[in-house]
Each structure stands twice: as C-alpha cells, then as structure tokens.
Amino acid sequence: MARIAIVGVGAIGGVTAALLQQAGGHELFLCTRRPMSGLSVETPDGLVKVQGTYVASPSEAFEVDWVIVATKAYDVAGTAKWLEKLCSNSAPIAVLQNGVEHRERFAPHVPIEKILPVMVDCPAERPAQDRVRQRGVMHLKVPDSALGRDFVKLFAGTAADATTVPDFLSVVWRKLCFNSAGVLSALALQPAGVVRGESIGEVALQIIRECAAVARAEGANLEENVAEIVLAAQRAAPADSVNSMLADRRAGRPVEIDARNGVIVRLGRKHGIATPANNMAVALMEAMVAKA
C-alpha cells in the first residue's frame, strides 16, 4: 500500500479520497486550502467518512509515495507550493484535471517523466466544504505505461473504473468534447438541462464540432458524429446536474475557461482551424468573470 497525498479536496478530490480509503491500507494526506477536520462523501454505495491527515499549509507537508492533484487547472501556482516537500523523494504526480495540457502545466515544477496525465470523468458536486455528493462511477483513464499501471493498482478493489488505455490522446480529447459544451451551462447560469433546448443545442453542436476538428488536427481519433453523440449524452444526463464551471461561477471563483475552451481556440489558431463558437464563449465568460 502507499502513502498518498491528495492536493485539492473538492468534488473530484473528495471522491478520490473515498475510493482510496475503500481500497484499504493506504495512508491518506488531504492537502486543503482551508483547515478541515473531516469529509463525508455520499457515494452510490453509501456514505463514506474519509479518514486521513488533513493539512492546510504546504509547510506541513512531507514526502509521500504518490501525489494526486485534483485542483482546478488555473491553480497550478498554488498547487506547486505543495510539491517541493511532497515530491522530495521523487514521488510521481497524477494530474486529475480538465483539458489536454496536464504535463505542460506541471513541467516547470516536476520532471516530466514523473507526471501522469489522468482523464477523470465523475458526476460529483460539493454542496458544502465538508461534504461531497457522488452521482455515478468515477472513470479514470491513464496512458498504458509503467507509471500508469502503478496508478491503476492504487484503486484495486474499489468501485472506480481505473484502466490504462493505449490511445490516451484520443480519450482525453473526447472528454474535452464533453467539457467544451459545458460552458453554455455556466454562461446561462443554469444546470445541465439547458442543452435540451433546441437553440442552445445547436450552439453546443458548433462548440463540440470545433473541438473535434482541433482534436483531429492534434492526432486524436474521434467518431465522425462525435458532436451528436456528446449532445445526446448530455441531454440524457440529470437536468439538475451542475458542472464544475457552473459551480465555480455561482460561487464567485475563477473558472477553467482556458483549459476547457481557450485551448481549443489556441490550438485552432496553430492549425489554421476557425473556432468562432469557442472564441465567443471564451470572450463572454472572461468578460462576465471580470465583471463579477
């Protein structure tokens, strides 16, 4: 078993902690922005009260075997403050964040061969600081490498769908197709059911198609009708579900607009691909957040 630090104990970090506790034998260290005395996770299988050591300052950190980063993509600078001590014994870091630039974000702080990008997909919300609600299975996909296989072993015996995949690039871009359209919910300040409307659905398709075009230019292998597949799945999801960008905007926090839509615009320019729908979504969100 392993000594595991989880940096960022929001919805994803909380579910991850609950799963690792269910695995048994791991020693958990929960690195938080504000002091916490406990965490309860409502899982599909029942309530889990996470047992571990809670630390709220990087000065309290110490070396571990694994670091799991579950902070938002915009908070690399804050996360990096924890890594010097946590990784003092060359511990690898698994980056459970949105987007497709996991390694690029942390390369200035950790040797790139120690960075494991993770595609995480889990319907979860954090209604209170000490409580997380998990609506469904946590899916964790990692590259098929020695580091990836070691990461998957951490979740042995849990309800997580943790697997290695031979084509991680396609997997992570396909996830971004889902995330890209989530900006509409955050812009409208409405939960997931907003995409069931005909006009919003058409805009969602435009956003996803642009994402897919950029993904293919980057080397991803996606279905020709991936936009229709994604929209159908989003319309089938619970109408009251709240994605992380909407939750952040409601709470007055920064949002992951660059990791989820900005990257599509930036890489679109690199490949000469027009991305007007994503460009407008980024401009609107940045203006709204700046005003707030």
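Within the stretch 23-80, the proportion of Cα pairs with more than 12 Å between them is 74 percent.
Axis angle, to the nearest 10 degrees, between helix 198-217 and the longest C-alpha principal axis of the chain: 70 degrees.
Based on protein heavy atoms only, the chain ends up with 44 Å² per residue of surface accessible to a 1.4 Å probe. A 1.4 Å probe, protein heavy atoms only, puts the accessible area of LEU184 near 20 Å². Averaging 1/r over each pair of different alpha-carbon atoms in the stretch 231-273 and inverting the result gives 12.4 Å, the Kirkwood hydrodynamic radius. Using the Stokes-Einstein relation with a Kirkwood hydrodynamic radius computed over Cα pairs, the translational diffusion coefficient of the stretch 104-198 at 4 °C and a viscosity of 1.567 mPa s comes to 83 µm²/s. Translational diffusion coefficient of the stretch 42-156 (Stokes-Einstein, Kirkwood radius from Cα pairs, 37 °C, 0.692 mPa s): 213 µm²/s.
Which value at 222 nm does the chain reach when only helices count, each DSSP H run of 4 or more adding -39,500 (n - 2.57), with the total divided by all residues and rounded to the nearest 500 deg cm²/dmol?
Rounded to the nearest 500, the figure is -12500 deg cm²/dmol.
Between ALA232 and ALA77, the contour length at 0.36 nm per residue exceeds the Cα-Cα span by 52.1 nm. Counting protein heavy atoms only, the chain has 52 percent of its accessible area on carbon and sulfur, 1.4 angstrom probe. Sorting the segments 94-107, 196-209 by their residues' average number of neighbouring beta-carbon atoms within 10 angstrom, most packed first, yields 94-107, 196-209. Residue ranking by accessible heavy-atom surface, 1.4 Å probe, largest first, among MET1, MET36, MET288 comes out as MET1, MET288, MET36.
Mean projected area of the Cα convex hull of the stretch 139-290, taken over all directions, amounts to 10.0 nm². The angle between the Cα long axis of helix 11-23 and the longest principal axis of the Cα atoms of the chain comes to about 40 degrees, rounded to the nearest 10.
Using just the Cα positions, wrap the stretch 47-101 in a convex hull and report its mean projected area in square nanometres, one decimal place.
Averaged projected hull area, Cα only: 4.9 nm².
For the stretch 171-292, the relative contact order works out to 32 percent when only alpha carbon pairs closer than 8 Å and six or more residues apart are counted. Three semi-axes describe the equivalent ellipsoid of the stretch 142-231; taken as square roots of 5 times the Cα gyration tensor eigenvalues and ordered largest first, they are 30, 17, 9 Å.
A convex hull fitted to the Cα coordinates of the chain yields 125 cubic angstrom per residue.
Taken over the stretch 218-292, the alpha-carbon convex hull comes to 112 cubic angstrom per residue. When only Cα pairs below 8 angstrom with a gap of at least 6 residues are kept, the chain shows a relative contact order of 15 percent. Averaging 1/r across all pairs of distinct Cα atoms in the stretch 1-99 and inverting the result yields a Kirkwood radius of 13.4 Å. Measuring max minus min along each principal axis, the C-alpha atoms of the stretch 6-47 give extents of 28, 21, 17 Å (largest first).
The values are calculated or read from the model by the stated rules, or taken from the named source; none is laboratory data. None of the values given here were measured: they were computed from a predicted structure. Note that each Cβ is placed from the backbone with ideal geometry, even for glycine, and that neighbours are counted across all protein chains shown. Only protein heavy atoms, including side chains, enter the accessible area calculation; ligands, DNA and RNA are left aside. Shrake-Rupley method; radii C 1.70, N 1.55, O 1.52, S 1.80 Å.
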